[in-house]
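Values quoted throughout were computed directly from the atomic coordinates according to the rules given, and no laboratory measurement underlies them. What you see is a predicted model, and the numbers here were worked out from it, not measured in a lab. As a convention, Cβ positions derive from the backbone with ideal geometry for all residues, glycine included, and neighbour counts pool all protein chains shown.
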């Protein structure tokens, strides 16, 4: 009989932080049906890992000692050397290492993903990974570039949390670099799985074997299903996680809705007529130099029901798609045009002299 290990959320956090401190990246896939809490779990992990690094980079005594004994002492590294590593880590990153900003680090599109993968010591949630590395879309050039980036940039020491409905729907190469797979069986409960370290097998996730095990128990009740998970060769234990506070949930949901409506839908070539007409009006006004400056653009975006930062991204993407000479928004502002004309007039006057 297999004893079901119950991991604490603290264990998951410390495992991730320890791996990152060992100068490895941490690619974790979070799967599960819609509404079970994949995004919630990823958000909690991202915030708590960020908090751990904030304490570590501030030389919080308890945090420093915990990770020193866990990661560095077994390797014969002194406390002074560990302290120097933290100082160097702070100096070599533009922002605080592993600082998580939900507005910036919640990622939906391929372009955002590629930009994130160039960073170092950062945290990113790929909330619709299925649209980025879906196995059936492997022929797409962007897909190939992203998979290559993930493989090449594994020394960037990033924490990547990828949310997908089905673990086996993502590309095989991406699955094989995953350090952990957490299946959200139900709200508040995750099944922790890690790959088997096998020399002779090409599939560390034992796909065929585990599928056979599951198929024997198809249609069983929920309690029986939980016992099935313990029989999987990649099963390690269960982990419980809490719900977000109302304030955090509202903030997270707003960012998700804004990004999904304006960025993700464009990536998938899905347009809402209600949203598309106001956007075309905004785009036309930009091209016709009817927008005075950045403040005017932001005000117009809000008035039309858009989130300013997201609509700026969409405008730049549209300019690029339409193959405009410049994709910089400021080049189309009325204030920029007036300034350029004034400079041209002055230059013309000097030429006449």
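By per-residue mean of other Cβ atoms within 10 Å, what is the highest-first order of 304-313, 72-81, 154-163?
On the way: 304-313: 17.5, 72-81: 11.6, 154-163: 21.1.
Order by mean packing, descending: 154-163, 304-313, 72-81.
Going by how many other beta carbons lie within 10 Å of each one, how would you line up 106, 56, fewest first?
Values: 106 25, 56 21.
In order of increasing Cβ crowding within 10 Å: 56, 106.
To make sure I understand, if each residue's beta carbon is the centre and we count other beta carbons within 10 Å, what order do 126, 315 fall in, fewest to most?
315, 126
Over the stretch 12-125, what is the mean sequence separation of C-alpha contacts under 8 Å (at least six apart), divided by residue count, expressed as relative contact order in percent? Can you show the working numbers first?
Values: 75 pairs, mean separation 30.0, N = 114.
Result for the stretch 12-125 is 26 percent.
Ratio of Rg to Rh for the stretch 143-207, alpha carbon only, Kirkwood? Display every interim value, and only then the final one.
On the way: Rg = 12.9 Å, Rh = 13.3 Å.
Result for the stretch 143-207 is an Rg/Rh of 0.97.
Helix 141-152 versus the longest principal axis of the chain: what angle, 0 to 90°, nearest 10, using Cα atoms?
Relative to the chain, helix 141-152 is tipped by roughly 60 degrees.
Once you keep just the Cα pairs under 8 angstrom separated by 6 or more residues, what percentage relative contact order results for the chain?
Details: 444 pairs, mean separation 67.8, N = 353.
Relative contact order, the chain: 19 percent.
For all pairs of alpha-carbon atoms in the stretch 1-83, what percent lies in each bin of width 5 Å, listed from the first bin to the last filled one?
Going from the shortest bin to the longest, the percentages are 3, 12, 20, 22, 16, 12, 8, 5, 2, 0.
How much of the DSSP bridge set in the chain is antiparallel, in percent, rounded to the nearest 5?
Values: 11 of 29 bridges.
About 40 percent, rounded to the nearest 5.
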